[in-house]
1. THR28 to GLU91: extension gain in nm, 0.36 nm per residue of separation minus the Cα-Cα distance?
2. Take the Cβ-Cβ distance between PHE46 and ASN72 as r, set R0 to 22 Å, and report the resulting FRET efficiency rounded to the nearest 0.05.
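A short reminder: the numbers here are calculations on the coordinates, not readings from a lab. Predicted, not measured: the structure shown is a model, and the values here were computed from it. Cβ: placed from backbone, ideal geometry, glycine included. Neighbour counts: every protein chain shown.
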Amino acid sequence: MRAKAVFARIISFVCICDTSYYNIHMATTTINFRTDSKKASKLDAFAKANHRTRTDVLEDALETYLYLQETNLAKIDAGIRDADAGNFATEEQVQAEFARWRKKK
């Protein structure tokens with residue numbers, strides 16, 4: 001078995017166990033939404049390749065999306081609190097950051 005396939009099976013097993021934990025311990029609700037057929041086909045292909053259900057994949061995607069949004073909002077709130085407290089970067093710090101980003105290109 002190729003390494004990529006082995007890795008996919010390991011990840012699938014971990015995800016299935018993780019999803020099973022949540023399904024046992026958390027109340028669930030049904031949410032319906034529409035998407036185009038191309039996305040649905042990609043979703044089904046991904047789920048099949050990873051030995052998961054469409055619901056499992058969507059649940060993981062939603063959980064990841066919500067986590068990232070919560071994290072981003074927390075960072076924005078922290079930045080606003082810093083700004084309200086008068087904590088701003090100096091001109092030298094700003095220029096150093098710009099220089100660091102220019103080098104990455």
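1. On the way: separation 63, 0.36 × 63 = 22.68 nm, distance 5.07 nm.
Here the segment from THR28 to GLU91 would lengthen by 17.6 nm.
2. Working: r = 25 Å, r/R0 = 1.12.
Once rounded, the FRET efficiency stands at 0.35.
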